[in-house]
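Enquirer: Here it is: the structure, laid out below.
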Amino acid sequence: MSIKIRNPFLLRASESIESDAGFLRLYSPLVLDFFIELQAEGKLWDTLFFIRSSPGAGKSSLLRLFDPNSLLTLQNRKSGDEFKEVFKKLKKIEVVSDDTIHVLGVNLTFTRNYELLESFAGIDVGNRERLFYSLLNSRIITATLRSVLSLKRLQFPEDLSRIEFCYPNSKLFYKRIEVPCNGQLLYDWASGIERSIYELLDSFLPMTQTSIEGHNEVFSFESLRPEFIKVDGRPVCTRILFMLDDIHKLSSRQRDVLISHLLANRSNVSLWLSERLEALNNLKTNRGRDYEELNLENYWKDREIKFEKLLSNIAIKRAAESRDGVEFSLEHLQNELDLADIYQEAKETLFKNIVALTAETQKFDLWKDYLFNLDGTPQEICQKAKELEILIHRNLAKTELALDFFLSIQEMEEKTDEKIITAARLFLSKQFGIPYYFGMSMLARISTNNIEQFLSFGAPLYERMLSLNLNMTNVSITAKDQDKEIRRIANEKWRELQKMIPESALIMRFLENLCLFCFTETFRPTAPYAPGVTGFYIDASRTIQLINEEDWLSNEIFEDLQLVLNTCLAFNLLHVKETMQGKKGQKKNVYYLNRWLCVKFSLPLNYGGWRTRKPDDLLRWTRK
């Protein structure tokens, strides 16, 4: 029986959800569709697979799904309504069947303590690398043995001796232990290596050549195959999935050494490496024939409707876990009665502006007649008035000599595209305080393809719904109140940056200048980059001439800018989206603001609006 809480949206990371049943009830498995596609192409298993994302995008939750305890819980409850969809998708990728778990998930989470090896002065570079491999092998082996016991519902450490390790040791990987052997002996040997390494790091004595067993490679993956592991004489599984989580916590050299080693020594092992997008050079990693990759943010960027469905699914599941039984409900339309006075004032102001703009020409008379006689709601009339105002500004800004012919209604309709409509809605919001950020679709965009970010906005909104429920009123939050609450949350997140990120003054100064630039470009009367500017492309070819185009990333002059961009990527303040805009076939990496920053600075949430900046332009934003 589950224990329900008042506001389940407050449960963020999967690690904070203690019970496996609770985790599975809240998990939305839509991302598994990507794995189903890979399975159909024969690319899911027996390969190196990278899972990359910013914090909170769902990579740790994804890995937890393959943990033995999660799979056992799912197997036992597969008929339950909350678990059916997850089970069905895992069945399609051959992780489970109706009566068996086929995959043994082994999760090894990296911590910063691996870096201690890198900085230990008493060990030369060659021995540091050997000890790094030794530590990896020992931890992979102990993690595998623990997972075997979990999958078979056995006790640790009492039942280790029931595990049989049948590896023939033909390649002599195991030099100081006789194999085949039982699990207890294997565990004692592996944990002894780990213990010896940390005793060395805690001491001030130099390492001797024979004191610790050093390894020349990561051989544990090859030796820990399903056919070499049995319990009570019976096979444990048909496939082992090794999951190395948070490899970004390795030193940069350790990470490079590990990945290079794994790529060079492919052995048909199912190995998933999970990491944050922490560094600029991560963006240069391309999928090739030797590995597959899932960038969670990029996956959802190309599937906006599906991501909104994912968030709706999460919201339904979270609300169902509330003890108050309140649905997550957001109004997706404005209440025009509440905004009647504002729209009346807006209509009068816009009509006066248009009359003043066109006082010296007759060519807009047909447009004005159309507007002034438009039969629509106040909201529709104000929307059309702002669209026409933008079109008139654009026409008047043209420098070429134009004849004063009447512009037709057809011309007006042809020029009024979706970008103009969206820009007009944003301009109305800024000028008259009309709600802009409201509705589930808007909240999905604000979440920037990040589940934890959705929950950070969803929790206060759901708290508001709970309060409305106490007052016995409609729990669905109005557009006006949504807009107000979402802006409040964004302002609060901005204030929290001072405590959350390193060099916060430098980072926030850069972001403020960037957002001011975007704001200025967005709200020009002609809306030249409609619906607005929310990103930039770095044109290194126009950098100061003393620096080669390719070298600005490593030049110390741009050290502050490198720090800013790395930090903004690591903390999901900026994200990169590949675009084909520009010369035919030319790909560009555009840096876009996280959408909550767009809310903070009253910017649109659409993509596509970006401006080109030189590295030295960006550098100035860090200094003023």
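The values are calculated or read from the model by the stated rules, or taken from the named source; none is laboratory data. On a predicted model such as this, the values are computed, not experimentally measured, just so you know. Counting neighbours? That spans all protein chains shown, and the Cβs are built from the backbone with ideal geometry, glycine included. Note: areas computed on protein heavy atoms with side chains; ligands, DNA, RNA excluded. Shrake-Rupley method; radii C 1.70, N 1.55, O 1.52, S 1.80 Å.
Enquirer: Give the relative contact order (percent, whole number) for the stretch 336-432; include only Cα pairs under 8 Å separated by 6+ residues.
Expert: 37
Enquirer: At a Förster distance of 51 Å, what's the computed FRET efficiency of Asn127 paired with Ile316, Cβ-Cβ distance as r, to 0.05?
Expert: Efficiency, from the Cβ-Cβ distance: 0.40.
Enquirer: Would you mind giving the three semi-axes, in whole Å and largest first, of the ellipsoid equivalent to the chain according to its Cα gyration tensor? Walk me through the numbers on the way to the answer.
Expert: Working: eigenvalues 585, 186, 83 Å².
The equivalent ellipsoid of the chain has semi-axes of 54, 30, 20 Å.
Enquirer: Also, quick follow-up: Determine the per residue accessible area of the chain with all protein chains present and a 1.4 angstrom probe, expressed in square angstrom.
Expert: Result: 47 Å² of accessible area for each residue.
Enquirer: Helix-derived [θ] at 222 nm for the chain: sum -39500 (n - 2.57) over DSSP H runs of at least 4, divide by residue count, nearest 500?
Expert: -14500 deg cm²/dmol
Enquirer: For Arg195 and Ile177 in the same chain, what is the full-extension length gain: residue separation times 0.36 nm, less their Cα-Cα distance, in nm?
Expert: Full-extension gain reported as 4.9 nm.
Enquirer: Also: May I ask which residue of Thr144, Leu497, Leu241 lies farthest towards the positive end of the charge dipole of the chain, with charges of +1 (Lys, Arg) and -1 (Asp, Glu) on Cβ and the Cα centre as origin?
Expert: Towards the positive end, the residue furthest out is Thr144.
Enquirer: For the stretch 336-432, count the residues as N, evaluate 2.2 N^0.38 Å, and divide the Cα radius of gyration by that value, please.
Expert: Ratio of Rg to 2.2 N^0.38 Å for the stretch 336-432: 1.07.
Enquirer: Taking 7 Å along the Cα-to-C-beta vector as the label spot, tell me the Gln586-Ala356 distance in nanometres, rounded to one decimal.
Expert: 4.1
Enquirer: To continue, here is another question. Relative contact order (percent) for the stretch 94-209, with alpha-carbon contacts under 8 angstrom and 6 or more residues of separation? Before the final figure, lay out each step's value.
Expert: Working: 96 pairs, mean separation 32.9, N = 116.
Result for the stretch 94-209 is 28 percent.
Enquirer: Working from the alpha-carbon coordinates of the stretch 32-302, get Rg over Rh, Rh being the Kirkwood radius.
Expert: That ratio equals 0.97.
Enquirer: Students often check this: by mean Cβ neighbours within 10 Å, which of 165-176, 587-598 ranks highest, and how do the rest follow? Can you show the working numbers first?
Expert: Values: 165-176: 13.0, 587-598: 21.0.
Result, highest mean first: 587-598, 165-176.
Enquirer: Still on this structure: Ignoring solvent entirely, what values of log10 I(q)/I(0) come out of the Debye formula for the stretch 289-395 at 0.09, 0.20, 0.25 Å⁻¹ when each Cα is a single scatterer?
Expert: Relative scattering, expressed as log10 I(q)/I(0), comes to -0.52, -0.99, -1.28.
Enquirer: Sticking with this structure for a sec: Leaving out same-chain residues fewer than 8 places away, which aspartates and glutamates sit with a Cα under 18 Å from that of Lys317?
Expert: Within the straight-line cut-off, Lys317 pairs with Glu15, Glu18, Asp20, Asp81, Glu82, Glu85, Glu308, Glu327, Glu452, Glu463.
Enquirer: Let me check I've understood the local charge: for Phe219, count other residues with C-beta under 14 angstrom from its C-beta, Lys and Arg +1, Asp and Glu -1. What total comes out?
Expert: Net charge around Phe219: +4.
Enquirer: Note down the Stokes-Einstein diffusion coefficient of the stretch 82-141 in µm²/s, whole number, using a Kirkwood radius over alpha carbon pairs, 25 °C, and 0.890 mPa s.
Expert: After rounding, the answer is 165 µm²/s.
Enquirer: Pop out the carbon and sulfur fraction of the accessible area of the stretch 32-302 as a percent, whole number, probe 1.4 Å.
Expert: Looking at the stretch 32-302 in its full context, I get 46 percent from C and S.
Enquirer: Return the ratio Rg/(2.2 N^0.38 Å) for the stretch 383-523, where Rg is computed over Cα atoms only.
Expert: Taking N as the residue count of the stretch 383-523, the ratio is 1.40.
Enquirer: Relative contact order for the stretch 32-302: what is it in percent, counting Cα pairs under 8 Å that are at least 6 residues apart?
Expert: Once divided by the residue count of the stretch 32-302, the mean separation gives 34 percent.
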